[in-house]
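Just below is one structure, and these are the notes that go with it.
The values are calculated or read from the model by the stated rules, or taken from the named source; none is laboratory data. Here the structure is a predicted model, which is why all the values come from computation and not from measurement. Every residue, glycine among them, receives a Cβ derived from its backbone with ideal geometry; neighbour counts consider all protein chains shown. Only protein heavy atoms, including side chains, enter the accessible area calculation; ligands, DNA and RNA are left aside. Shrake-Rupley method; radii C 1.70, N 1.55, O 1.52, S 1.80 Å.
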Amino acid sequence: TPSERIFLITVSATFMDRDTGHPAYITSNLTGDSVGCLIVLHCEMEYYALLVEQDRPSVGERAREIIAGRLDGATDPLAKIAEEIHEETGLVLPRDTIRSLTARPLYTSPGLNDERMYLYVCEVVVAREKLESLQGQLHGNTDENEKTQLVILPIDEVHHNSDDLKTGMAIQLWLSSV
């Protein structure tokens, strides 16, 4: 159950700096790896991003971001992101439509934690009716107290509507690949 899993270990240590020989102090969060996916919707010659909006207590507000989640011990990042997509959006997307945006997972904040993120993109052609029906839908894994609301934005408006770094990075990587 979620309450039995360890989500974060914080390690604090003092060590000798190799260059100066002086003691140095470090704090590191051990969180494990994660996955993230930008879903790009193609509709009538326009590109839209499918984001989720959810409460993020650590920053005290709701955040708009790409679909993402922790690996939680899973060994297949592609299978995990497909699972996250279903949990957070209700969509079942074929695994062969999800492709990696990077050659390897990227550290999210190596000065603070050990987390690496596998970044993916999935491009889906949708009719206008489907696009409009997705807007505002509620989803999420209730076992994890997750409540997500779908937000559809024109791809070029996401940077004005999301303060999330992984979301901006995924969009820039996708734009550089098209």
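Applying 1/(1 + (r/R0)^6) with r as the Cβ-Cβ distance of residue 128 and residue 107 and R0 = 30 angstrom yields a FRET efficiency of 0.15. Cross-link partners of residue 130 among aspartates and glutamates, defined as those whose alpha carbon lies under 15 angstrom from its own and excluding same-chain residues fewer than eight positions apart: 44, 46. In the chain, what percentage of the DSSP-assigned beta bridges are antiparallel, given to the nearest 5? Percentage antiparallel, nearest 5: 80. Which residue, 111, 60, 73, tops the fluctuation ranking in a GNM of the chain built on C-alpha contacts under 10 Å? With Cα springs under 10 Å in the chain, the top fluctuation among 111, 60, 73 is at 60. Multiplying the residue separation of residue 83 and residue 137 by 0.36 nm and removing their Cα-Cα distance gives an extension gain of 17.7 nm.
In this label model, residue 11 and residue 61 are separated by 3.4 nm, measuring between points 7 Å along each Cα→Cβ vector. May I ask you to derive the FRET efficiency for residue 18 and residue 165 from their Cβ-Cβ distance with R0 = 35 Å, giving the value to the nearest 0.05? Taking R0 as 35 Å, the efficiency between residue 18 and residue 165 is 0.70. With contacts taken as Cα pairs under 8 Å at a separation of at least 6 residues, segment 3-107 carries a relative contact order of 18 percent. Could you check how much of the accessible area of segment 13-66 is carbon and sulfur, as a whole percent, using a 1.4 Å probe? Carbon-and-sulfur percentage of accessible area, whole number: 52.
Computed over segment 84-178, the alpha-carbon pair-distance distribution with 10 angstrom bins reads 12, 38, 42, 8, 0, each value a whole percent. Is any residue of segment 129-154 close enough, with backbone N under 13 Å, to a label point placed 7 angstrom from the Cα of residue 44 along the Cα-Cβ axis, and if so, which? Residues passing the 13 Å test: 129-133.
The GNM of the chain, with springs linking C-alpha atoms under 10 angstrom apart, assigns the highest mean-square fluctuation among 12, 28, 109 to 12. A value for Cα Rg over 2.2 N^0.38 Å was derived from the coordinates, and within the list (1) 1.33; (2) 1.14; (3) 1.05 it appears as (2). Summarising the amide proton neighbourhood of residue 123: residues at separation of 5 or more, or on other chains, whose placed amide H is nearer than 5 Å comprise 40. Solvent-accessible surface of segment 87-178, taken per residue with a 1.4 Å probe and all protein chains present: 60 Å². Mean sequence separation of contacting Cα pairs (under 8 Å, at least six apart), scaled by the length of segment 84-132, corresponds to a relative contact order of 30 percent. Taking the centroid of alpha carbons for each part, segment 121-149 and segment 52-92 are 12 Å apart.
Relative to the compact-globule estimate of 2.2 N^0.38 Å, the Cα radius of gyration of segment 1-101 comes out at 1.48. Based on C-alpha pairs under 8 angstrom that are at least 6 apart in sequence, the chain has a relative contact order of 26 percent.
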